[in-house]
Amino acid sequence: MRSARNLLLLFALAAACADPTADYEDYRARTDTLRSRRGGGGSGGATATTGCSTEAPRAVPGAAPAGDLSGVSLVTCLANVSACDVNKALRFKAEATQSGSALSLTFTPLAPGARTVAETQPGAASFVVAITLGADGSLSSQPFGDALVPGPSNTATGHALQLRGATLRGLQLTADLACAELDGDVTAEVGGVAQPISLDAPGDVCLFERVGAPTERREPARASFHCP
């Protein structure tokens, strides 16, 4: 699962420079030590250590919630970067449909400062994630294809983010709340050179909060970001 420091690389991938070679060499020098570090830990023990919180872990449900989980959620993904500033989280509208143990989620990036699912980013492309819901409440997605988060939706730096082969794994805690961590890779152009970065170390948490109306606000506190 993804390291917070690896995600920092993703957020920091540079804007264009007049000298591509110098730009690339500067990037390598600035990120050489970061690329070798792994963050996070497990979520076992007395505290949750895979996200931006050190609260006691949530109770594992033991069984999937009864009833249909179809509906709309506001998804907030927070990394251990920028001092875990919740104002720099990635936010999405997720429209879910359920058929048995299969969930299909359509993600749409939200606009800067959005706290409701009504505030999607104009012109942003949606992407679909197929998730299997286990009888024990576990969630596991199939790898989803090239998922683009446009620059305006990345409130950390304003640069577009491209996720490739990403997966979500977590828990459906209640009918209205789920948590998951993200694995996968990104490929970024730095000084004209494609730079693959692995996001497979632990450390980043996404919260899924179901809403009953498009204007319902969701703004989870930093302490909420752990799974379980």
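The values are calculated or read from the model by the stated rules, or taken from the named source; none is laboratory data. From a predicted model like this one, the values you see are computed outputs, not experimental measurements. Positions of Cβ are backbone-derived with ideal geometry, glycine not excepted, and every protein chain shown enters the neighbour counts. Remember, those area values only see protein heavy atoms, side chains included, never the ligands or the DNA or RNA. Shrake-Rupley method; radii C 1.70, N 1.55, O 1.52, S 1.80 Å.
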- Query: Of the conditions (1) open to solvent by less than 30 Å² (accessible area, probe 1.4 Å); (2) more than 27 Å from A63 (Cβ to Cβ); (3) in contact with a Leu (Cβ under 8 Å, 6 or more places away or on another chain), A111 fails just one. Which one is it?
  - Reply: (3)
- Query: Any residue at all in the range 82-98 that is farther than 25 Å from E216 by Cα and at pLDDT below 95?
  - Reply: yes
- Message: Here is a check on your reading of the model: is L103 over 22 Å from G212 (Cβ atoms) and either open to solvent by less than 30 Å² (accessible area, probe 1.4 Å) or modelled with pLDDT under 95 (or both)?
- Response: no
- Task: Residues being open to solvent by less than 20 Å² (accessible area, probe 1.4 Å) and in contact with a strand residue (DSSP E or B) (Cβ under 7 Å, 6 or more places away or on another chain): count how many of those fall in the range 140-162.
- Result: 7
- Among residues of the range 169-202 being among the polar types (S, T, N, Q) and at pLDDT 95 or above, the residue surrounded by the fewest Cβ atoms within 10 Å (Cβ to Cβ) is T174
- Query: Which fully enclosed strands (runs of 3 or more DSSP E) of the range 94-146 have 2 or more residues being more than 16 Å from the chain's Cα centre (by Cα) and not basic (K, R)?
  - Reply: 102-109, 127-133
- Message: Six or more apart or on different chains, Cβ atoms under 9 Å: show the pairs whose first residue is in the range 110-124 and under 14 Å from L90 (Cβ atoms) and free of Cβ contacts under 8 Å to residues at least 12 places away in the same chain and whose second is of a type in the set (D, E) and outside any loop (DSSP other than H, G, I, E, B).
- Response: none
- Residues of the range 160-186 that turn out to be within 18 Å of G137 (Cβ to Cβ) and part of a strand (DSSP E or B), as a count: 13
